[in-house]
Amino acid sequence: MLLSVNGYESDSCIAKSDKLKFTSAMQKSLSDEQLMLHYAKGDASAFEQLYARHKGGLYRYCLRQLNNQARAEECFQDIWMKLVNSRVNYQPKALFTTYLYRIAQNHIIDIIRKEKKLSQETELEEEFHSSLVGDNRTDIADELIEKRQFQQLRQQIEQLPMEQKTAVLLKMDAGLSLEDISNVLNCGRETVKSRLRYATARLKNLLGE
């Protein structure tokens with residue numbers, strides 16, 4: 001799962017004099033968005049910081065979505081390569097995590113489609129009722145793991161419809177907010193709430209809550 005940073009150094013056309021050099025301490029104080037901008041200008045060490053920050057969550061997300069270590073590792077590498085190839089066009093219009101996981105989600109969908117395993121579940125209807133679960137109730141891990149082993153929860157997540165499973169994993173593994181998940185999935189915030197609420201209810205039922 002290790003990624004060779006040497007393969008992601010800036011193009012030779014970027015002059016060394018244009019590269020911004022930072023100490024490790026300075027880099028750690030920068031936001032993801034700032035690091036990505038520095039990397040786009042040719043600072044390969046900025047990429048190292050981004051990779052170190054997000055490799056764990058991104059790999060877990062790939063693994064849970066594809067449920068196969070070999071495919072997950074290949075997907076993981078491909079996502080970083082897509083990020084590298086798009087660096088010169090990067091604009092910090094949203095959080096870096098949103099940008100990264102949108103790349104990840106689009107690539108995973110492509111993989112599943114090619115393998116003809118894309119779920120045919122109909123998209124859940126958006127709900128705007130005021131009783132919908134709030135942000136502090138959507139952390140499924142906190143709510144369910146207290147009474148069940150983590151592995152059992154993971155097994156039940158695999159049985160969720162694709163749309164619900166994706167929302168749950170973006171919440172649990174990537175730690176994204178409802179707003180960020182809606183940006184990644186290109187759907188409304190209330191739709192994300194609805195998917196998480198249905199997923200929570202289904203998981204409780206599967207786990208015998």
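All of the numbers you see were taken from the coordinates with simple rules; none came from a lab. The structure presented is a predicted model; accordingly, all values stated were derived computationally and were not measured. So basically every Cβ, Gly included, is an ideal-geometry build from the backbone, and we count neighbours across all protein chains shown.
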*Calculate, for Ile109 and Gln34, the FRET efficiency according to 1/(1 + (r/R0)^6) with r their C-beta to C-beta distance and R0 35 Å; round to the nearest 0.05.*
0.75
*Members of Lys114/Lys204; Lys28/Lys55; Lys82/Lys193; Lys82/Lys204 lying beyond 26 Å, as alpha-carbon distances in this model show*: Lys114/Lys204; Lys82/Lys193; Lys82/Lys204
*Please give the length that would be gained between Ala52 and Arg71 if that part of the chain were fully extended, namely 0.36 nm times their separation in residues minus their C-alpha to C-alpha distance (nm, one decimal).*
4.7 nm
_Could you sort the peptides 37-43, 105-111, 190-196 by per-residue average Cβ neighbour count (10 Å cutoff), highest mean leading?_
190-196, 37-43, 105-111
